Amino acid sequence: MSMIAGLDIDGHEVVPLVPETWDLFAQMAGRTGLFGGCWCVHFHCLPDPPEREEMGNPAFKRMLVEQGVAHAALVLDDGEAVAWAEYGTVAELPNIQHRKQWEAETESPPEFRITCVQVRKDHRRRGLGSVAVKGAVALVAAAGGGRVESYPHDLPPGKKMSASFLYNLTRTTYERLGFTYVRPKGQGNCVMELQVPPA
């Protein structure tokens, strides 16, 4: 169990990813590596630093957490992390999908972005992805608030996608969470935003 005081989000405990909660994240990531061993370092790497390959993704991610430049909301169940939402500033997470298009079309970068949402396979279809996003938003509010962007999948009506490929939920999920649609991004994703007041 984490020694960090957690937030209560829809009846679930949510804690920030910090050095004291690293083991919770590592246990979840260690089951699958999160998308084939990524450990969610991809969005940090622009350019890809040589030490990432030298250290390996788990050690590199831990270093970023210890440096305070990797943030996430971890959703706990019986003391284990079962879902998470990665968030951070644009400087912390520069390497989004369709980045060149985003840069060309963005007049004012957000203060924060949410880049990845994962739910452990045995805990899916329980709304925990939404809980993780709400947790990230709450942590942004605690950090002073600001405009938050996210880039969910924008599926045509009736089209389904395996949860294994949904790395950032869907447009309809974010709409239910109060985010506003801004524009398309690439094929099958979009830009959505939420203005978060300070806590």
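The values are calculated or read from the model by the stated rules, or taken from the named source; none is laboratory data. In this text the structure is predicted, and so the values were computed from the model without any measurement. Neighbour counts run over all protein chains shown; Cβ positions are idealised from the backbone, glycine included. Protein only, heavy atoms only, side chains kept; ligands, DNA and RNA dropped before computing areas. Shrake-Rupley method; radii C 1.70, N 1.55, O 1.52, S 1.80 Å.
Contact annotation: residue pairs with Cβ atoms under 7 Å, 6 or more positions apart or on different chains, pairing a residue in region 186-199 that is more than 15 Å from Leu169 (Cα to Cα) with a partner that is open to solvent by 30 Å² or more (accessible area, probe 1.4 Å) and of a type in the set (Gly, Ala, Ser), are Leu194/Gly178; Pro198/Gly144; Ala199/Ala142.
In region 18-38, the residues that are within 18 Å of Gln67 (Cα to Cα) reach residues that are at pLDDT below 80 and buried (at least 17 other Cβ atoms within 10 Å of the Cβ) with C-beta atoms within less than 8 angstrom, at least six apart or across chains, in these pairs: Glu20/Ser2; Thr21/Ser2; Leu24/Ser2.
Modelled with pLDDT under 95, within 17 Å of the chain's Cα centre (by Cα) and not polar (S, T, N, Q), is that true of Tyr174? No; evaluated as a whole, the condition is false for this residue.
Taking region 28-69 as the range and being at pLDDT below 95, closer than 23 Å to Glu13 by Cβ and basic (Lys, Arg) as the test, only Arg31 passes. The residue list Ala132, Ala72, Ala136 contains one member that is under 20 Å from Tyr167 (Cα atoms), open to solvent by less than 10 Å² (accessible area, probe 1.4 Å), at pLDDT 95 or above and touching a Cys at 6+ places or on another chain (Cβ under 8 Å), which is Ala72.
Got at least one residue in region 114-123 being within 23 Å of Pro16 (Cβ to Cβ), assigned to a helix (DSSP H, G or I) and under 16 Å from the mean Cα position of the chain (by Cα)? Within region 114-123 (the criterion being within 23 Å of Pro16 (Cβ to Cβ), assigned to a helix (DSSP H, G or I) and under 16 Å from the mean Cα position of the chain (by Cα)), the answer is no, since none of the residues qualifies. Criterion applied to Val90, Val140 was being free of Cβ contacts under 8 Å to residues at least 24 places away in the same chain, of a type in the set (A, V, I, L, M, F, W, C) and under 28 Å from Pro19 (Cα atoms), and the one residue passing it is Val90. Would a scan of region 80-103 turn up a residue that is in a helix (DSSP H, G or I) and open to solvent by less than 40 Å² (accessible area, probe 1.4 Å)? Yes, some residue in region 80-103 is in a helix (DSSP H, G or I) and open to solvent by less than 40 Å² (accessible area, probe 1.4 Å).
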